[in-house]
Amino acid sequence: MTKALIVPMALCLLAVPVVRAEEHPDMDAARQSLEAARDHLKAAGHEYGGHRKTALERVNQALEQIRLGLASAGGTEKKVERREQGLQRREQRLEKRIDNMKQRQQQMGQH
């Protein structure tokens, strides 16, 4: 591979959020099966009238779609996590306001 291909590929891999395989076992199993199929296609001979080459291209396309799908799932999970954190902060602020109001009521009742 040339540097012109290696650098963009490395940058793409770094830009993708890390998604753990145990969070998506079916997608990971599909990825592993496709990687095994790719290895078998690469090892096969060239006497298949161009069909081996086409199959190899399609397997690589499927692997790319899995990578993009996992990246998308990772992004969705992060959005949900951020939303949950925001709701927790809002709940804490409301609880603090309620406590402040209770303290004011107690102070007013003492006077």
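Looking at the stretch 62-111, which of its residues are touching a residue at least 12 places away in the same chain (Cβ under 8 Å) and either loosely packed, with under 10 Cβ neighbours inside 10 Å or among the basic types (Lys, Arg) (or both)? Passing the criteria: Arg67, Lys78. In the stretch 37-46, the condition of being among the small types (Gly, Ala, Ser), at pLDDT 90 or above and over 19 Å from Met27 (Cα atoms) is met by at least one residue.
A residue that is outside any loop (DSSP other than H, G, I, E, B), at pLDDT 90 or above and under 27 Å from the mean Cα position of the chain (by Cα) occurs somewhere in the stretch 5-25.
The values are calculated or read from the model by the stated rules, or taken from the named source; none is laboratory data. Bear in mind that the values here come from a model prediction, so they are computed numbers and not experimental data. When we count neighbours, we look across all protein chains shown, and the Cβ atoms used for this are built from the backbone with ideal geometry, even at glycine.
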